[in-house]
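Below: the structure, in structure tokens.
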Amino acid sequence: EEEEEEEEEVKKKEKKEKKEENDQKISKKGKKQESSEKKPKEVKEKGKEKEKANKEDKEKNQKEKEKKPKEKDTEKEQKLKEKEKKLKEKEKNKNKVARAKSSYNYFLQDNFEAAKKSNPNASATEITKTLAEQWNKLSEADKEPYQAKAESDKLRSTTERAALKAKNARPASAYNVFVKEKVAELRTKGTAHKELMKKVAELWGQLSEKQKEAYKH
């Protein structure tokens, strides 16, 4: 009986050990399966993250590319505006007459460089101040050459202004010439300007086309 009990215990022990071994195998197999299932999932997630990052980089690069032509366009526009501005200034200067210089300006112009060489460390303001003092000490005879230059330049400026005015002046219409002539004839003391212009307009309306032609220039 004791032997049978011992055999039975041994069998139970073996059975228990086998069961434990089987349980361990099943556990290991489950872990492996779980690990193998987990890895593709992680790889998939990493792939998605990488794809997202690549997409963001592409969008960023695209935006930068789009931005650069705009900056270039802005530079081009700015250059064109500057060019137009210069052309306008040039055109504007064509219709400008240089102001006539004074006798004192001519004195400064003739003596500034010499004064600067004599006082290389002096500022432009200091040199001008020194020359102003010298000018004030000059006699009328010494000032005369500069005054002659100023008179000549004044004549040049006046002539150029008159020529420019004539160039830019719009030619008077036949009606304007007629108005000027008739206003001088019809103007009387106490006549209102409105009544006078009304009368002139009536007279103009009474003229034939041939008569109106005579007032054209």
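Every number here is computed from the coordinates shown, using simple stated rules; none is lab data. Predicted model, so just to flag it, every value in this text is computed and none were measured. Cβ sites come from the backbone with ideal geometry, for glycine too, and all protein chains shown count toward neighbours.
Over 23 Å apart at the Cα level, from the set 180/212; 180/216; 96/129; 81/167, are 96/129; 81/167.
Set the Förster radius R0 to 45 Å, insert the Cβ-Cβ distance between residue 24 and residue 74 as r into 1/(1 + (r/R0)^6), and round the FRET efficiency to 0.05. Could you put the intermediate results ahead of the total?
Working: r = 74 Å, r/R0 = 1.64.
Efficiency for this residue pair is about 0.05.
Using a simple spin-label model with pseudo-atoms 7 Å out from Cα toward Cβ, residue 183 and residue 96 lie 3.3 nm apart.
How large is log10 I(q)/I(0) at q = 0.11, 0.16 Å⁻¹ when the Debye formula is applied to the Cα atoms of the stretch 94-217, each weighted equally and without solvent? For the requested q values the scattering log ratios are -0.65, -0.90. Packing order of peptides 139-150, 157-168, highest average first: 139-150, 157-168 (average count of other Cβ atoms within 10 Å over each peptide's residues).
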